[in-house]
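Accompanying notes for the structure given below.
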Amino acid sequence: MVLFGAFSGLLTVFLVASLGYYLAKKGYFSAEITAALPRFITTIALPPYMFRSVTTSFERDQLLQLLYGGIIPFLSIFLIFFLAMALAAVLRVRTGRRGVFRTAVATANTVNMGIPVNIALFGEAALPYVLLYLFANSVFFWTIGNYSIASDGPEGRNAKFFSRDTVRHLLSPPLIGFLCGIILVLLDLHLPVFLDRALKYVGDMTIALALFYLGIILSSISIRECKPDRDVTLVILGRLVLSPLTVFLLSMFIDIPPLMRNVFIIQSSLPVMVNAAIITGHYKGDLGFAALAVSLTTFLCMFTVPVYMLLIQML
């Protein structure tokens with residue numbers, strides 16, 4: 001029965017994303033809308049969604065348990081990154097793409113896919129754990145990951161580990177919404193009903209828009225042009241197999257609630273962050289490699305997530 005509910009949740013994700021795919025193919029989304037949609041989700045819809053998720057899901061005492069469980073996302077991402085570094089050296093990943101290779105294997109698309117997929121699979125109770133993994137993923141990507149990708153570019157030697165841009169990305173609107181929610185919970189404060197309701201209306205757009213955007217991304221992928229070379233294949237194996245396996249092994253040694261473990265496994269099995277390709281282009285790295293890694297892992301996770309849900313139910 002639980003497994004049926006999980007696949008029912010995946011079907012919900014598939015149907016909404018398919019609608020976005022269909023509308024994109026029919027030309028409903030111009031280039032301007034496609035470019036603006038992720039920014040709207042990230043800066044307008046997601047911050048109040050994250051804020052209310054914290055304030056409506058937690059009491060002060062529960063935050064301590066949440067922070068304890070946060071060891072696994074941070075530790076797993078670091079371990080995966082260093083494993084990817086070793087793989088890149090031993091298997092001789094092409095010079096000029098090793099930085100994005102390490103970052104692509106270690107960090108996942110925890111926003112546009114992570115939130116709707118986990119909510120569909122596990123319900124609203126999963127959201128705090130989704131946000132915790134998202135926080136660890138974002139901190140890592142915009143510090144070590146950003147620096148690693150920058151090292152691939154022609155000015156790699158001049159890349160800075162920590163800069164004004166790093167601070168700006170770390171203090172992103174979703175993260176600010178998350179932190180503000182934590183502060184209110186710790187201070188035991190509550191918003192006026194009218195303001196809380198307004199934030200709910202805006203935040204409730206997040207899931208549908210994120211799934212629409214997923215459909216738009218999938219509509220732009222040409223299967224005939226997706227011919228992975230060895231390095232891209234290694235990214236796929238690292239992102240979709242090595243990463244969730246690492247989280248599962250860590251959860252055997254760090255005692256956390258089953259739901260938290262399951263959410264972390266699904267979060268860690270999601271595709272390469274779209275931002276990995278954007279940042280690669282910014283630093284003039286191997287954009288084709290990064291874009292192909294994003295596209296293929298996004299497409300393949302539609303098949304791997306159900307497999308992981310089946311395995312989770314067997315634990």
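The values are calculated or read from the model by the stated rules, or taken from the named source; none is laboratory data. Everything numeric in this text was worked out from a predicted model, so none of it was measured. Here the Cβ is made from the backbone with ideal geometry for all residues, glycine too, and neighbour counts use every protein chain on show. Surface areas here come from the heavy atoms of the whole protein model, side chains and all, with no ligands, DNA or RNA. Shrake-Rupley method; radii C 1.70, N 1.55, O 1.52, S 1.80 Å.
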Problem set entry | Search result, residues across segment 52-92 that are of a type in the set (V, I, T) and more than 19 Å from I144 (Cα to Cα) | V54, T55, T56, V90
Exercise. T246: open to solvent by less than 30 Å² (accessible area, probe 1.4 Å), over 18 Å from L131 (Cα atoms), part of a helix (DSSP H, G or I) and not basic (K, R), yes or no?
Worked result: yes
Exercise. Can you tell me which of R92, R97, R102 is within 18 Å of the chain's Cα centre (by Cα) and of a type in the set (K, R)?
Worked result: R102
For this session: Considering every residue within segment 154-171, establish whether at least one is modelled with pLDDT of 85 or more, out of contact with any Lys or Arg (no Cβ under 7 Å at 6 or more places or on another chain) and open to solvent by 40 Å² or more (accessible area, probe 1.4 Å).
Result: no
Problem set entry | Enumerated helices (runs of 4 or more DSSP H) restricted to segment 17-112, each holding at least 3 residues that are open to solvent by 60 Å² or more (accessible area, probe 1.4 Å) | 31-40, 60-69, 71-90
Seminar exercise, completed: When segment 301-315 is checked residue by residue, the ones that are hydrophobic (A, V, I, L, M, F, W, C) and over 15 Å from the mean Cα position of the chain (by Cα) are F303, V307, M309, L310, L311, I312, M314, L315
Exercise. Identify, please: which residue in segment 13-33 is touching a helix residue (DSSP H, G or I) at 6+ places or on another chain (Cβ under 6 Å) and of a type in the set (V, I, T) and is, among those, farthest from L121 (Cα to Cα)?
Worked result: V16
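For every residue, the table says whether it meets (1) of a type in the set (V, I, T); (2) more than 15 Å from V100 (Cα to Cα); (3) modelled with pLDDT of 90 or more.
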{"site": "I221", "(1), (2), (3)": "yes, yes, no"}
{"site": "R224", "(1), (2), (3)": "no, yes, no"}
{"site": "R239", "(1), (2), (3)": "no, no, yes"}
{"site": "P244", "(1), (2), (3)": "no, yes, yes"}
{"site": "D255", "(1), (2), (3)": "no, yes, no"}
{"site": "H282", "(1), (2), (3)": "no, no, no"}
Problem set entry | Pairs, first in contact (Cβ under 8 Å) with a residue 60 or more places away in the chain in segment 177-193, second of a type in the set (F, W, Y), C-beta under 6 Å, six or more apart | G177/F51; C180/F51; G181/F51; V185/F58
Problem set entry | Subset of segment 249-269 that is over 29 Å from R94 (Cα atoms) and not aliphatic (A, V, I, L, M) - its residue that is surrounded by the fewest Cβ atoms within 10 Å (Cβ to Cβ) | F253
Problem set entry | Output for segment 275-299, where each listed residue is of a type in the set (A, V, I, L, M) and more than 17 Å from T110 (Cβ to Cβ) | L287, A290, A291, L292, L296
Exercise. Any chance segment 122-131 includes a residue that's open to solvent by 10 Å² or more (accessible area, probe 1.4 Å), touching a Ser or Thr at 6+ places or on another chain (Cβ under 9 Å) and among the hydrophobic types (A, V, I, L, M, F, W, C)?
Worked result: yes
Exercise. Which number in (1) modelled with pLDDT under 80; (2) hydrophobic (A, V, I, L, M, F, W, C); (3) closer than 20 Å to F14 by Cβ marks the one condition that V305 misses?
Worked result: (1)
